[in-house]
């Protein structure tokens, strides 16, 4: 099914910045807007240690992960050399200045990933 | 000439021909294929019948520590995969620059649009009678190595002529293969171009103990052959003779410029090239590696050659960026178990030059333990180092030497190494060879010796930077740099060398931090776009490395004028909280001077309950940390707590730690808490190159630990002592005593002026300890203590910059906090 869901206007994403999209299930999706005014969508999860890519610095057509500075290419979701790995990407359509994501992808891509745990819940019971 | 038909027609590509299938030339191709894989049809001529191999590792092959297969860098399949036409075993005889064609000895031709010459160097053969006898060889390639291995299996006596790096490695290898080896050396001691007489003597003793024999200060007169035309003895000038079934000439190398000269290219101690590695004669022709003379120097170490290759590749790729500006090099010897390092003018006064009296030397010698260290100082700078037996500080000395840093303030500790200038960080291993594979080399990133060696071998790494990128070892605090370099040396033969001391901020520019900052000030640049345009940035909007630095330089150079750009700040400064491993945030409200009260504590407790904050922790800076706050809750948490931002997330003033002081303490001589509160109120919201921490103690018992803070204040009966440049973190550094003042007002003025100087001159991510170590404490004292007007001006500047600065937790508009980031769509 190719039903497209309108998320926001292009201008709602800061230039050289990002927004997070909440899904019914699974980790959030990060929307990025580059200096060239292109919009990309990736799973908001670095292939390294699952850092939220939406919080990184956007430059060129890439984002630097906020946790350990891996560089992820926005077009492919792949980590830049010498690091290795990739994160799922989502199709983006711009319709009349509105950013649209594919509903089927939102519902199915990478929905069963466990969130990263931190804090007291990670400590072995003593 | 393509030999096979392409299935799909491709657009006509340019033709690139490489003459010389060695490390420098092929590395240039690798760099080129990375950035412009489709640009050229590439043809390679190699005189040897082997694919590209690691020539530096011939010594370990000779010594039986590695095999020939192990040192192949690019197998034949690599050439195939990259569509490279490879002519092995074909020596190029001629370059026809008019027809743009190279011709090999066997008649094979290849046309070029661009030509890359990487013909390396030739060994220097002594012009003595008998040099053409069988069994007389040089030490240069696989064939030589194989001949030595074969000879070692058959014969007994070997003579190596030349007691330099190469000669000793050859001698060591032949000895390990069972031969009786004599090294004949013209000089008075071994490796006289890298070592002084004492270190050379230690080296000789050590090698002699392993079984090598030496004839120093000895000149070879002739090689004597037997009836079959094979060498049987070496005769010296003094008439004496020693038996020799194998003679290895290792008396130096000369750039191989025969081909280039025959093509009319200008050569002078190598093929003369410009900073773009183009020959000065013909812009279609490039030269890299040992055959090229750049600014009069032909380099023989691998790292400079690779730097050349990288620059050359960008020009071949038609990017037209990058200049090679020369390298500084130093030496290590690849004989397992012998640690030796030298760099710079290690001879000092003994060189007998015109200004020999200006050199000073610090020498430590323990011949029984086999340790010798000599540091040569001139004009208060380290200019040379010669280390034998313990080389772990080699890279540190090399850095001091390159940076040309004044060393007066660390002179008394210089000999004892970097780990004695503050704490090296973790355990002090000094011999990589003695470590087990499972031993940790890099404590910051948990990288073991085994994984470093594996990465070096499998990924073909040669330089420290490459190891850092691939393994992260030595990439954080750097205290294991010496160890990593030793591993690199023994595993890959990679060498010590470095680009010029000027280091570019990142790949977006060739300018250093200092140059960029000067340009921003001198040319009155006030916005990022102006910087990109005025300074020819190579990327449209910088990268994650340069943008935060540029943003800081703009706002610190032009307060109230340059606009802060939140998208050029790392996440913590953009969201004004500290990101945690799970993507949640921590919130640390400001508690002036570490003092709080019941209503603040009550509000904090209520917030913890209301937002179900999982962890509450007291920080090392006397504040309370709320950990695990969801990003969407941040704004409300700040509002409900109702306390100012603690800037615990920022490159900015963090805390001013205080002890109780004279208000309560029976020992206290000064009101340290009040002093701390005053300092914190005067300095908060101050962004800086890196985080800034202060402390105030009320008496010399120093309970606030002022000795490890960027500015530490200690109250004494007659006033206040100020300390600067301390650090408690990655590199424990005791603060330097700065001055003593009488009044709290002076404490504010002197501290503020010092911090403003650091804000103006420190490079981004440089802590005060690094800043002072770069410019020298004397300089800082001159600026702050001796220059009263200058000090007052700095203090006024800082107050002006901070006046009216917003609290980012409340004044969102003015602090340019984009509230959209807190909500999900």
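A short reminder: the numbers here are calculations on the coordinates, not readings from a lab. Keep in mind that this is a model prediction, so the values were computed, not measured. Virtual Cβ from ideal backbone geometry, glycine too; neighbours counted across all protein chains shown.
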Dimensionless Rg/Rh of the protein assembly as shown, both radii on Cα and Rh by Kirkwood, sits at 1.01
For the range B:267-316 and the range B:684-708, what is the separation of their Cα centres, given in Å? 51
Where does chain B land at 222 nm, in deg cm²/dmol rounded to the nearest 500, when only DSSP H runs of n ≥ 4 count, each adding -39500 (n - 2.57), divided by all residues? -8500 deg cm²/dmol
For chain B, go through all pairs of different Cα atoms, get the mean of 1/r, take its inverse, and jot down that Kirkwood value in Å. 30.5
How far is it, in nm, from the label point at residue A:5 to the one at residue B:80 when both lie 7 Å from their Cα along the line to the Cβ? 4.9
Rounded to the nearest 500, the 222 nm mean residue ellipticity computed for chain A from DSSP H runs (n ≥ 4, each -39500 (n - 2.57)) alone is -1000 deg cm²/dmol
Sorted by average packing, counted as other Cβ atoms within 10 angstrom per residue and highest first, what order do B:571-578, B:88-95 take? B:571-578, B:88-95
Can you tell me the orientation of helix B:672-683 relative to chain B, as the angle in degrees between its alpha-carbon axis and the longest Cα principal axis, to the nearest 10? 70
Hey, fewest Cβ within 10 Å first, where do B:788, B:294, B:524 land in order? B:788, B:524, B:294
What percent does the relative contact order of chain B come to when contacts are Cα pairs within less than 8 Å and at least six residues apart? 7
Highest GNM mean-square fluctuation, chain A, Cα pairs closer than 10 Å: which of A:36, A:50, A:110? A:36
Tell me the angle of helix B:744-761 to the major Cα principal axis of chain B, expressed in degrees between 0 and 90 and rounded to the nearest ten. 40
Within the range A:78-108, what residues put their amide N at less than 14 Å from the label point 7 Å along the Cα-to-Cβ vector of residue A:68? A:79-80, A:82-86
Is there a simple number for the mean count of other chain Cβ atoms within 10 Å of the Cβ of residues in B:580-593, and what is it? 3
Based only on other Cβ atoms within 10 Å, what is the fewest-to-most ordering of A:40, A:32, B:416? B:416, A:40, A:32
The residues B:147, A:81, sorted from fewest to most surrounding Cβ atoms within 10 Å, come out as A:81, B:147
Nearest-ten-degree value, helix B:449-459 long axis tilted from longest Cα axis of chain B: 60
How big is the antiparallel share of DSSP beta bridges in the protein assembly as shown, given as a percent to the nearest 5? 70
Report for the range B:651-806 the percent antiparallel among DSSP-assigned beta bridges with both residues inside it, nearest 5. 60
What does the C-alpha gyration tensor say about the overall shape of the range B:184-279? Classify as rounded when a/c is under 1.5, otherwise prolate if a/b is larger than b/c, or oblate. oblate
Mind checking the log10 I(q)/I(0) for the range B:525-569 at q = 0.19 Å⁻¹? Debye, one equal scatterer per Cα, no solvent, two decimals. -0.50
If you take each beta carbon of peptide B:542-550 and count the beta carbons of other chains within 10 angstrom, what is the mean? 4
Using a 10 Å cut-off on Cβ to Cβ distances, tally the other chain neighbours for every residue of B:815-824 and report the average as a whole number. 3
Ranked highest first by average number of other Cβ atoms within 10 Å, how do B:676-688, B:446-458 line up? B:676-688, B:446-458
Among the DSSP beta bridges whose two residues both lie in chain B, what percent are antiparallel, rounded to the nearest 5? 65
Alpha-carbon centroid distance for the pair the range B:437-469 / the range B:132-160, whole angstrom: 35
Would you mind calculating the gained length between residue B:599 and residue B:281 on full extension (0.36 nm times residue separation, minus the Cα-Cα distance), in nm to one decimal? 106.5 nm
Any idea how far the Cα center of the range B:740-799 sits from the one of the range B:615-680, in Å? 24
